[in-house]
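Structure first, commentary second.
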Amino acid sequence: MNEEEEFEKNRTILLQNCNSNIQTHMGYQIAVIIGSLTLISQWKSFFDNGYLPRMGFYVLLDLILILSVYVVGRMFRWSFLSSNILAMTYCEYTSYCARHEYYAQNGKERRTSKLRLLQDLAQDTIMTGDLSFGLWLARRFHSGIDKDSLVELFILFLVVFLILFLFDSLFLRNTLPSLSSVAFIK
């Protein structure tokens, strides 16, 4: 097998992996949508039982929103990766290998696999591409949840929770309880 055939074989393997991950994350998103619809269908039982269940409803709704952002970000990451692998040419791949000197000049001693080189090239394209919202999400969650993205998700959680709680108090005409009154209401 020559180098170009090996490139195509590795590209096919990576595309299958990316497409499998896209399908998996789409399944996660469908599960989140079903969970949110189930939660929303039971809103009346949360709202009829006081402040704590109502706040619990908002927390669950907020968690579903945050989980959706994360899953969509990972799905964008795999979609962009798949797109970059499809658009990649053999010339780009060989110049990338030469630029990064992943394997020795004689071609026998490799520091990493050719499959990994192909994935690194596609990943580098994601990290240096023109910025769009989808690409920003893909970059934020390219390696799962790290410390920085966890902090961002927590801040987003707090902001959305406060917006939901203020919406509840302003438009649904529920008074804002103090923390002490919430703790003692049964």
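The values are calculated or read from the model by the stated rules, or taken from the named source; none is laboratory data. Quick caveat, the model's predicted, so the values are computed rather than measured. Glycine gets a Cβ as well: all are built from the backbone with ideal geometry, and neighbour counts include every protein chain shown.
List of remarks:
- Checked against (1) in contact with a Leu (Cβ under 9 Å, 6 or more places away or on another chain); (2) under 26 Å from I155 (Cβ atoms); (3) not charged (D, E, K, R), I33 passes all but a single condition, namely (1).
- Residue match in segment 131-149 (condition: assigned to a helix (DSSP H, G or I), surrounded by 15 or more Cβ atoms within 10 Å (Cβ to Cβ), at pLDDT 75 or above and not polar (S, T, N, Q)): no
- Number of positions in segment 36-51 that are surrounded by 15 or more Cβ atoms within 10 Å (Cβ to Cβ) and either under 19 Å from M75 (Cα atoms) or small (G, A, S) (or both): 1
- Checking Y70 against (1) within 24 Å of A122 (Cα to Cα); (2) surrounded by fewer than 16 Cβ atoms within 10 Å (Cβ to Cβ), the condition it does not meet: (2)
- Screening the candidates N19, N2 for the property of being within 23 Å of the chain's Cα centre (by Cα), under 21 Å from K114 (Cα atoms) and not aromatic (F, W, Y) yields one hit, N19.
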